[in-house]
Amino acid sequence: MSLDKAIEHGKEKRKEYRKIAQQVDPSCRCHGGCEWCLGNRLHKYRKKEKEMLDKLKDWEYNSINK
């Protein structure tokens, strides 16, 4: 009920729906659970994970071929 009051008095602070992401999922907002937003948020961690897997493969390769 308090949210309705905030909207009525122009105090709503949430951002509008994103135009680009709406093409993917109409319910998308900041920190949304749609694939587009989730992929954007987790990019840094997926990149680090790939880097660590590459280091692990190099280490295994070097330890076998010594």
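The values are calculated or read from the model by the stated rules, or taken from the named source; none is laboratory data. Just so we're clear, the structure is a prediction, and the values are computed from it rather than from any experiment. Accessible surface areas use protein heavy atoms only, side chains included; no ligands, DNA or RNA. Shrake-Rupley method; radii C 1.70, N 1.55, O 1.52, S 1.80 Å.
Key figures for this structure:
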{"quantity": "Any hit, the range 27-47, residues being open to solvent by 90 Å² or more (accessible area, probe 1.4 Å), at pLDDT below 75 and not charged (D, E, K, R)", "calculated": "yes"}
{"quantity": "Selected residue (criterion: modelled with the lowest pLDDT) from residues of the range 6-23 that are open to solvent by less than 100 Å² (accessible area, probe 1.4 Å) and part of a helix (DSSP H, G or I)", "calculated": "21"}
